[in-house]
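The structure appears below as structure tokens.
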Amino acid sequence: MTDVNAASGVRVYQPPKQSPRGQLVDSVIILVLLMVVLFGVTYFVQSSTSATEVETRPLSELPITPTEKQQYAVAIEHGIVDLPTANQQVADNKQDSNKYPIAVGTLIITFGVIGIYLAFVYLVSFKEYREVIRERFGPPSSTASSPEADS
Amino acid sequence: MIVDILEWAAWIISAGLGGWMLFDALKTGREYDEEFLTTSVEGTDELFDPHASVGGAR
Amino acid sequence: MTEIESRPPQVPGPPAPPAPPREGLSLSKVLGPIHIWGLGVGIVLVGEFMGWNFAVGKGGMFGALIAAWVVGVLYTCVAMIDSEVTSTVAAAGGQYTQAKHTIGPLMAFNVGLFLVLEYTMLEAADANVMSYLATTISGQLGYHGSVNQYAFIVLAIMVLAFLNYRGVLATLSINFIITGIAFLAIVVLFFGTQGFDPTSQLHFSGLTSSESNGLPYGWLGVFAALQFGMWYYLGIEGTCQAAEECRSAARSIPLGTMTGIITLLIAAALTWFVCAGTLPWQYLGVSITPLFDTALMTGTKSLAILLAIGTILATLASANGCINDASRAWFSMGRDNYLPAWFGAIHPRYRTPFRAIIFLVPVAIAFAVLPVLLNKPELLGTIITFSILSALLMYSFMVPNMFRFRRLWPIGTLHRGYTHPFHPLPAITLGLIAAMVLFATFLGYGTVLVTLVVFYLLASVWFVVFRYRYVARGKQFTMPWPRPKGY
């Protein structure tokens with residue numbers, strides 16, 4: 001991790017070489033992070049779909065259009081759905097202009113987290129970017145030139 | 001019946017392929033120098049060749 | 001640079017000679033436009049066979065149609081921006097390499113992860129649907145016992161990983177063929193349902209009879225539908241990932257991508273049309289395999305078999321392309337030491353990023369079996385959402401990416417293979433629609449959204465604190481460009 005002076009006079013950062021063990025540890029860390037956060041959350045916070053028991057009624061009594069009744073009849077005939085499932089689907093999908101209530105608190109928290117995340121990523125990136133450019137092209141000067149680029 | 005056979009075949013083939021890939025990866029890691037395996041350079045030749053059509057213009 | 005020039009001719013088959021001391025390895029340059037088409041369309045086309053229809057459940061039939069249009073505009077902007085930047089930054093990392101050059105290292109690390117998760121989660125969803133389909137088909141063929149879905153999930157992923165491991169030419173040649181067959185299956189279904197004569201077999205009266213049928217949840221439902229409208233096109237931007245393996249990237253990438261988008265637009269229109277005309281929306285909104293179900297509804301056995309084959313081929317093509325793209329992104333990050341350098345290795349014989357391919361296999365399998373494990377098929381929607389959100393975060397990055405690309409290297413300072421017109425407009429439009437879709441995801445999958453962002457935040461902190469010290473600063477700027485303006 002020593003800093004050496006390049007020809008341009010810019011201090012070049014010499015990264016340490018990672019040991020095979022360190023590489024293994026890092027591979028495991030990123031894998032565990034992925035599994036714990038995504039897999040874990042999916043496992044424990046399962047999506048809550050409607051669990052209400054729906055009474056099975058014949059197609060003719062369902063509140064759907066005649067065309068849809070006819071289509072459901074064909075679907076049942078071909079074994080694509082059964083009648084109870086059809087009942088459940090119709091119950092789950094009835095017209096509702098208020099299906100997506102917006103919880104303001106949750107909205108603020110969600111977009112707050114996204115905001116923090118994006119701010120962190122962009123601020124750190126721009127800071128690191130300056131360092132990259134400085135090392136690659138030398139210290140900032142009035143003439144924009146690229147060393148060894150076209151050699 | 002046939003489904004049982006297919007299931008077993010699926011497991012055996014999967015294990016075989018997975019095992020082969022792991023074996024080959026480990027073998028390759030042993031046979032070749034790590035420096036050599038990681039020598040590739042980012043980008044395409046077109047970009048780096050100053051005579052090609054796609055190149056850094058000044 | 002001498003390393004590149006002294007590279008031996010690459011043929012995927014015969015073994016490379018033992019390493020002479022100063023020779024470098026590189027990915028095989030063997031791909032042409034048809035492979036790019038096979039990769040791009042192959043990844044996406046499965047979206048017509050499954051997934052897009054969840055938009056119907058979110059916003060009704062018209063919601064899904066409007067979503068297809070609005071999201072189509074989003075992808076037009078993505079294609080315009082990508083064409084310009086990629087024609088200048090052609091590297092295996094794709095958008096990851098772009099981020100490194102325009103925004104900075106941490107953003108690049110995040111974009112790399114976006115790419116890996118977008119494709120790996122899509123791959124998991126593909127394998128899951130394929131196993132579900134195996135069960136359904138065995139049921140249709142009269143087998144009523146239980147089918148062990150795990151076996152087929154693992155088999156599909158293993159076979160495709162093996163294919164990817166052994167070489168990119170065979171992988172993407174196969175993808176071209178199976179994607180072509182899957183696309184033809186959709187066209188045949190259109191004729192099979194007499195789609196050219198909308199009043200004969202298709203019934204749109206249920207759709208148009210009342211507002212409650214076309215837009216059951218009002219305009220907020222249309223918003224919610226945007227999220228799954230992404231599925232019509234998601235992944236077409238993955239063609240960039242193959243840039244380093246093309247015989248001529250400047251020709252193959254734009255040609256393959258543009259013909260790919262045209263194919264997808266046709267496929268999306270045909271799919272919505274035949275499905276909306278055949279299935280009741282209450283069913284269509286939750287169907288796992290909408291096109292196959294549409295074929296079943298016709299009662300023609302040969303059509304059902306064809307669409308079953310088409311669906312399986314589409315899932316395979318998609319998973320195959322996803323393994324290809326995810327491993328390229330993972331490999332590129334390894335090459336820069338963003339991830340352990342070990343992943344930056346290329347197989348000396350097959351010229352593939354073999355370690356990256358193997359490493360991502362267990363991740364894909366884990367998420368593919370999750371819905372089966374918990375016996376909750378609807379978790380497929382969650383897995384798909386992980387993929388959509390990762391893609392969406394990447395598209396939102398493209399907005400500052402484009403602005404900075406034009407500002408740091410104004411036109412004329414850099415040779416661009418393609419310069420897109422109306423400059424700030426596509427970027428601004430992309431930003432607005434991406435924000436809308438993000439809001440849509442909040443409506444349907446708020447918890448998943450927060451979870452995923454928290455994951456990326458934690459990964460970013462890890463990168464800054466523990467990982468960035470292994471990265472050489474100046475060297476990661478690999479493009480032969482002049483100094484960025486203002487720096």
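The values are calculated or read from the model by the stated rules, or taken from the named source; none is laboratory data. Just so it is clear, the structure is predicted and the values come from calculations on it, not from any experiment. For neighbour counting, all protein chains shown are included, and Cβ atoms are generated from backbone atoms with ideal geometry for every residue, glycine included. These accessible areas exclude ligands, DNA and RNA; they are computed on the full protein's heavy atoms, side chains included. Shrake-Rupley method; radii C 1.70, N 1.55, O 1.52, S 1.80 Å.
Give me the residue from segment C:251-298 that is aromatic (F, W, Y) and more than 11 Å from chain A (Cβ to nearest Cβ) and, out of that set, nearest to C:M80 (Cα to Cα). Once the filter is applied, the top-ranked residue is C:W272.
Here C:M50 passes the criteria (1) crowded, with 24+ Cβ neighbours inside 10 Å; (2) modelled with pLDDT of 90 or more except the one numbered (2).
Looking at the structure I just gave you, is C:Y150 within 30 Å of C:L370 (Cα to Cα) and within 19 Å of the chain's Cα centre (by Cα)?
no
Of all residues in segment C:422-449, those that are open to solvent by 40 Å² or more (accessible area, probe 1.4 Å) and without any contact (Cβ under 8 Å) to a residue 12 or more places away in the chain total 4.
Of all the numbered requirements in (1) in contact with an Asp or Glu (Cβ under 8 Å, 6 or more places away or on another chain); (2) away from chain A (no Cβ under 11 Å), C:A127 misses one, and that requirement is (1). Against the criterion of being surrounded by 12 or more Cβ atoms within 10 Å (Cβ to Cβ), under 17 Å from C:G285 (Cα atoms) and facing another protein chain (nearest Cβ under 8 Å), A:I64 qualifies.
Listed conditions (1) crowded, with 18+ Cβ neighbours inside 10 Å; (2) modelled with pLDDT of 95 or more are all met by C:R483, apart from (2). C:D293: under 24 Å from C:V30 (Cα atoms) and charged (D, E, K, R), yes or no? No. The requirement of being open to solvent by less than 30 Å² (accessible area, probe 1.4 Å), small (G, A, S), closer than 30 Å to A:Q71 by Cα and under 20 Å from the mean Cα position of the chain (by Cα) is not satisfied by C:A124.
Of the numbered criteria (1) open to solvent by less than 10 Å² (accessible area, probe 1.4 Å); (2) under 27 Å from A:P140 (Cβ atoms), the one C:R404 fails is (1). More than 9 Å from every other protein chain (Cβ to nearest Cβ) and farther than 25 Å from C:M258 by Cα, is that true of C:W342? So C:W342 fails the test. When A:V37, A:V121, A:V90 are checked against the criterion of being at pLDDT below 85 and surrounded by 13 or more Cβ atoms within 10 Å (Cβ to Cβ), A:V37 stands alone in meeting it. Need pairs with beta-carbon distance below 9 Å; first residue in contact (Cβ under 8 Å) with a residue 24 or more places away in the chain and within segment C:468-487, second surrounded by fewer than 19 Cβ atoms within 10 Å (Cβ to Cβ) and among the polar types (S, T, N, Q); sequence gap 6+ or separate chains. Pairs found: C:Y470/A:Q18; C:A472/A:Q14; C:W481/A:S146; C:W481/C:T413; C:P482/A:S145; C:P482/A:S146; C:P482/C:T413; C:K485/C:T413.
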